[in-house]
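Presented below is the structure to which this report refers.
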Amino acid sequence: MQEIVTALANGSIYALMALAIGIIYSTTQIINFAHGSVIMIGAMTSYWLLSIFHMNYFTAILLAVLINIILSMVIYKVSVEKLGDLTQNSSWIVTLFGAGIILDNTARILFGTEPKAYPFLFDGHVISIFGTKIMIHEMMMILVAVIIGVLYQIVIQKTNFGRAVRAVSFRPDTARIMGIRSNRIVLMCFAISGAVAAISGALIAPITFASYTMTYSVGIKAFAAALIGGLGNTKGAFIGGISLGLIEGIASMIVPGGLKDAISFLIMIIVIIVLPGGILSAKLFTKGELKTEKI
Amino acid sequence: MLQVENVTIGYGKTEVVHNISFHVKKGEIITILGANGAGKSTILNTIVGLHQAKEGSIRFQDKEISKARPDQLVQNGMRLVPEGRQIFPQHTVMENILLGAYIEKNAKKIHSRLHSIFERFPRLEERKNQMGGTLSGGEQQMLAIARALMTEPSLLILDEPSLGLAPIIVGEVFALLKQISSSGVTVLLVEQMANSALKISDRAYVLETGRIVLEGRGEEIRNNADIAKAYLGNV
C-alpha cells in the first residue's frame, strides 16, 4: 500500500512534467529539450531560497515559479522565436539542448556538485490511514498535480485564451488571420510550462535530492512520461506520468534498485513501438473521436 | 480602399507573382480569376500579412501595410476567409465564431454581433454546440464567413469560396456575398468558378502564371468567349 502511494505520488509529478512538455509541444510541435534543466532550476532556486534565505515553503516556491516563468520566456525568445518557421527549420534541437547545457553548467557553478537534502513539506510528517503510514508530502504531490491538471483543462476548454491555444495548435496560420498573435500564445505556453516545471521540481526534490544532475535523473522521466501518454496530449500526460510511476514502483519491488530505470525505459520503448501516439491512441480510447475533417 | 502596386512575391528563390498591380474601391465586388497555380492564394496571403512581398507596395485605407502583422490588419477591418474554409474542426461552432471575434474585447459588441450572425445563419445557431468538423461543406463555408463577420470588417477577402461545394450551394454563397456587399462591405474574391463570380462582380482581373493579363468589368469578361477559352477553361 505504502509503495503504491509512493508510486502514485512520483507518478503525479512525472505527469506534471509531461504536461509541461505537452503544453509547448501542442502549440509548436517542438520538444523542449531544455525542459529537464528548467525543472532542475526550479528545484535548485527554491532550495536556495529555503535554506539560505530561510524563506517559508510557500514564498520560496512562488519565487521559484516566477524565476522559471522568466527563464522559460527567455528560452523561447532566444532559442526558438528567432528561428522563424519551426516546421522548416530543425535548429531548435540544437538551440534548446544548448540552452539546457548552459543552465546545467550555471547551476553547477552556483549550487555546487554536492546533492542537497531538500526538506519535505510539513517536515516529512507521516499520518496513518487504515494502518498504512503515508507521508503528507506525498499526498500533497498527488493533490497539487490533480489541481494543476484540472485547472489546466478548465483554462484550455473554457476560456478565450484556451480556445486560442487550441486554435494555434491545430492551424497556426488560420489562428493568425483570426487576429490571434500566435507568437504571444506560444510565449504564454512557455511561461506556463516553466511555472509547472518549478512546482514539479520543488515537489520531487525531497525524494531525489536537489542537484544539478536532476536534469537527467528526473528530467528524462518527464520525456518518458510525455511519450507514453502521447506527445502533446495534455490528458495523456497524466496517464503517462501515473503509468510511469506505477511501472517504477512495481519494478523496484521485483528487480534490484539499479535496474529500476532500465525497466521503465524498456517499457517506454515498447509502448512507443506498439502505440506511436501514446497510450491514449489505443483503439479502446479513440472510439467515436473525430479523426478527419471535411474539405 | 486597397491598392496593390508592382508587387512581386516569392517563396525562397522562386518568384510566384511578378510585378502585379490592382486596386479595389470602396463598396465594390472585385474578382481575381485564375487557374490553379496562378498565384491567387499567394496574393491574398500577402495582403493579409501571412506572407511578405519581396517588392512593391500594398496600401489599405491609405496606409502602407506590406509589413503589417495579420492581427493589426484584422484590427483595421480586413478579414480573410481562407481557401478550403479552414474552420477549426475540433472546436464547436460557437467556439469557431467566438475565435473570429478574438480581438474584440467588448462583450456587448460580441453579443450583439452574435445575435445578428445567428439571425443571418439560423443553421449555425441550431448547431452551435456541434463540433465544426461535423458540419457539411456548405455549412462550413457559412461558418467561415460568419466567423470573419464577427469583427465587422470593411474589406472581406475570400479565397475560392466555391471550392468543393455543390452548384446549388455555390449559388447560395454568392447570393450571400452580394447581400454582404450591399450592407456596405467591400468584397475581394479569388475564384476559379468564373461564371458565378463574374455575375456578382463589378470588375475582374485575370491572372495567369503570376501576371495580370486582363482586367475589365465583370460582364465584359464574362461575355468574351476568347478570354473564357484562353484563361478560364470551360465556363
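The values are calculated or read from the model by the stated rules, or taken from the named source; none is laboratory data. Not measured: the values here are computed from a predicted model. Please note: Cβ atoms are built from the backbone with ideal geometry, for glycine as well, and neighbour counts cover all protein chains shown.
Some values worked out for this structure:
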| read-out | value |
| --- | --- |
| Output for the range B:121-141, where each listed residue is part of a helix (DSSP H, G or I), within 25 Å of B:I157 (Cβ to Cβ) and either within 14 Å of chain A (Cβ to nearest Cβ) or modelled with pLDDT under 90 (or both) | B:G132, B:G133, B:G137, B:G138, B:E139, B:Q140, B:Q141 |
| Residue that is in contact (Cβ under 8 Å) with a residue 60 or more places away in the chain, under 22 Å from A:I204 (Cα atoms) and surrounded by fewer than 20 Cβ atoms within 10 Å (Cβ to Cβ), where the choices are A:A145, A:A117 | A:A117 |
| Which numbered condition A:I67 misses (of (1) under 15 Å from A:L110 (Cβ atoms); (2) of a type outside the set (K, R); (3) crowded, with 24+ Cβ neighbours inside 10 Å) | (3) |
| Matching option when the condition is small (G, A, S), at pLDDT below 95 and either within 22 Å of the chain's Cα centre (by Cα) or not in a loop (DSSP other than H, G, I, E, B) (or both), among A:S72, A:S46 | A:S46 |
| Which listed residue, of A:T132, A:T159, is of a type in the set (S, T, Y), within 14 Å of chain B (Cβ to nearest Cβ) and surrounded by fewer than 16 Cβ atoms within 10 Å (Cβ to Cβ) | A:T159 |
| Residue, surrounded by the fewest Cβ atoms within 10 Å (Cβ to Cβ), within the range B:144-172, restricted to residues that are charged (D, E, K, R) and within 23 Å of B:V74 (Cα to Cα) | B:E152 |
| Answer residue from the range B:52-67, given it is under 23 Å from B:Y102 (Cβ atoms) and crowded, with 18+ Cβ neighbours inside 10 Å and is farthest from the chain's Cα centre (by Cα) among those | B:I65 |
| Residue among B:S182, B:S162 that alone is closer than 26 Å to B:Q61 by Cβ and either in contact with a helix residue (DSSP H, G or I) (Cβ under 9 Å, 6 or more places away or on another chain) or of a type in the set (S, T, N, Q) (or both) | B:S182 |
| Hits in the range B:142-165 - residues which are touching a strand residue (DSSP E or B) at 6+ places or on another chain (Cβ under 7 Å) and at the interface with another protein chain (Cβ under 9 Å from one of its Cβ atoms) | B:A148, B:T151 |
| Residue within the range A:155-176 that is touching a Phe, Trp or Tyr at 6+ places or on another chain (Cβ under 8 Å), in contact (Cβ under 8 Å) with a residue 60 or more places away in the chain and not basic (K, R) present | no |
| Those residues of the range B:138-153 which are touching a residue at least 40 places away in the same chain (Cβ under 8 Å) and over 12 Å from the mean Cα position of the chain (by Cα), in sequence order | B:Q140, B:L143, B:A146, B:R147, B:M150, B:T151, B:E152 |
| Residue count for the range A:183-231, restricted to those that are without any contact (Cβ under 8 Å) to a residue 40 or more places away in the chain and under 30 Å from A:N160 (Cβ atoms) | 2 |
| Residue satisfying all of: in the range A:196-217; surrounded by fewer than 22 Cβ atoms within 10 Å (Cβ to Cβ) and either modelled with pLDDT of 95 or more or not in a helix (DSSP H, G or I) (or both); nearest to the other protein chains (Cβ to nearest Cβ) among these | A:T213 |
| Output for the range A:84-100, where each listed residue is without any contact (Cβ under 8 Å) to a residue 24 or more places away in the chain and either out of contact with any helix residue (DSSP H, G or I) (no Cβ under 6 Å at 6 or more places or on another chain) or farther than 16 Å from A:I31 by Cβ (or both) | A:G84, A:D85, A:Q88, A:S90, A:V94, A:G98 |
| Selection from the range B:185-213 of residues that are among the small types (G, A, S), under 15 Å from B:K40 (Cα atoms), in contact with a helix residue (DSSP H, G or I) (Cβ under 7 Å, 6 or more places away or on another chain) and outside any helix (DSSP H, G or I) | B:A204 |
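Results for (1) farther than 11 Å from A:I177 by Cβ; (2) out of contact with any Lys or Arg (no Cβ under 8 Å at 6 or more places or on another chain), shown as yes or no for each residue.
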{"position": "B:E64", "(1), (2)": "yes, yes"}
{"position": "B:A68", "(1), (2)": "yes, yes"}
{"position": "B:D71", "(1), (2)": "no, no"}
{"position": "B:P82", "(1), (2)": "no, yes"}
{"position": "B:R85", "(1), (2)": "yes, yes"}
{"position": "B:I97", "(1), (2)": "yes, no"}
{"position": "B:G100", "(1), (2)": "no, no"}
{"position": "B:K108", "(1), (2)": "yes, yes"}
